[in-house]
1. When DSSP assigns beta bridges and you keep just the ones with both residues in the chain, what percent turn out antiparallel, to the nearest 5?
2. Lysine pairs in region 1-143 with Cα distance under 24 Å, only those 8 or more apart or on different chains: how many are there?
3. On a 0 to 90° scale, report how tilted helix 268-277 is relative to the longest principal axis of the chain, with both axes built from alpha carbons and the result rounded to the nearest 10.
4. Amide H of I177 versus every other amide H placed in the peptide plane: which residues, excluding those fewer than 5 positions away on the same chain, fall under 5 Å?
5. What is the percent carbon and sulfur in the accessible area of region 347-403, measuring with a 1.4 Å probe over the protein chains and ignoring ligands?
6. Mind listing which GluC sites (Glu not before Pro) in region 263-372 are in a DSSP loop and have 16 or fewer other Cβ atoms within 10 Å?
7. Note down the relative contact order for region 248-335 as a percent, whole number, built from C-alpha pairs under 8 angstrom at least six residues apart.
8. Please report the relative contact order for region 152-244, taking Cα pairs under 8 Å with a sequence separation of at least 6, and give it as a percent rounded to a whole number.
Amino acid sequence: MKIDKLPAIFAPARPVLQKIEQAGFEAYFVGGCVRDTILGDPIHDIDIATSAYPSEIKAIFKRTVDTGIVHGTVMILDHGTGYETTTFRTESGYQDYRRPDSVTFVRSLAEDLKRRDFTINALALRENGEVIDLFDGLADLDRHLIRAVGDPNERFHEDALRMMRAVRFASKLDFVIDQPTLAGIRENAPLLSKIAVERIQVEFEKLLLGQRPVSGLKDFIDTGLYRYCPGLVDQEAALSQLLVLNNWQLENAQQAWAMLCFQLGLSNKQVAGFLKRWKTSNDLIRQVKRIIPLVAGLRDKSLDAMAMFAGGWDALHDANQVAKLYGWAEEDPVLEKRYQTLPIKSSNELTIDGRSLMADGGIKPGPQLGRILNDLTTAVVEGRLANNRDTLLTAARTLAEEKG
Ligand SMILES: Nc1ccn([C@@H]2O[C@H](COP(=O)(O)OP(=O)(O)OP(=O)(O)O)[C@@H](O)[C@H]2O)c(=O)n1
Ligand SMILES: [Mg+2]
């Protein structure tokens, strides 16, 4: 097959291939960029495979970055764009980045391609638009099939993460996993326990955010992959309940993880432990902990002003997206209006603070001060007191006497 007109993103990349070829080597576009070109999907980065060794690439181009020399990878910098350029090699380079000796460079494109994960990812593209398809990847793209290149067992032994990639692509592309490949995953699922959690996390998150999460998730459950993921081994029932939800419109990582934690029924304390095991960032943990109580509020129709104030708009929007899955969401504009009409959105907007309560309200420092400040904040948020300095100082004195 020949692609007559490559997407615009390739225009500046073609001269890069030409330059490598002029130096006497082979060079091809490979991986996701070829797959996505043929699917007509957006392309995020361009990878190049070449017969040239890293040192040879570095001799051809003025500006390069050593991103992974021992694995055969050099980044070529050209007019502000970086092209990851990798010498033809076998699978072992993916397997264990801490063992550079596991890489074997090979002489031909064919040898490189036959050790790639799936046929749809084993296509190569010439600078002139010609597609090299040694494993029927084009036919599989056409019939929406994820199929291991050659023997699935071999491919999954080379890199067990590929099993997670299979379910991720099933969701992301809305493709079906080929039966023998699926059987290979079932058989080799325990190998996943050897893979770094960070890598599994990336794939699982992409699965949850894909086009058809329910299909990827079904394979993730049926093959038993979930058993080798942090905190999921005894959660088959809770995970399976997700398969009946058709209304997925998750937009970002925090929504995806909040949905998962919520579905697993984790308390806010358990959320931190669970996500730490998945090695997500602390920032994500903070966001998820804000979202979950708001989802519960939407479910129970108990979302009051104080809950919205405490959560903030971002978390509220995320919670509403999660709630959509379950049919508990409020109409977006209605929720936004409710939030916008809160008298204050943040404690900074209060006309008093701890300091002024002491200086002008005559409240003594101590735990009582904090309680009074909280009560006043709640009263203002709920619209029971105006956010007016004198009003709040008077109310503070009254509270101090009552609580005295
Ligand atoms: N475990 C892996 C990871 C990658 N690859 C090969 O390396 C290519 C590039 O890998 P990567 O960028 O991780 O994935 P993409 O397929 O490009 O998908 P994405 O769109 O997510 O980048 C893949 O297409 C595949 O040919 C592989 O065989 N086995
Ligand atoms: Mg890629």
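The values are calculated or read from the model by the stated rules, or taken from the named source; none is laboratory data. From a predicted model like this one, the values you see are computed outputs, not experimental measurements. Because the Cβ atoms are built from the backbone with ideal geometry, glycine has one as well, and the counts that use them run over all protein chains shown. These accessible areas exclude ligands, DNA and RNA; they are computed on the full protein's heavy atoms, side chains included. Shrake-Rupley method; radii C 1.70, N 1.55, O 1.52, S 1.80 Å.
1. Approximately 75 percent, going by the DSSP bridge assignments.
2. 5
3. 20
4. I146
5. In region 347-403, the share of accessible area belonging to carbon and sulfur is 49 percent.
6. Those satisfying the criteria are E331.
7. With pairs under 8 Å counted, the relative contact order is 36 percent.
8. RCO, region 152-244: 34 percent.
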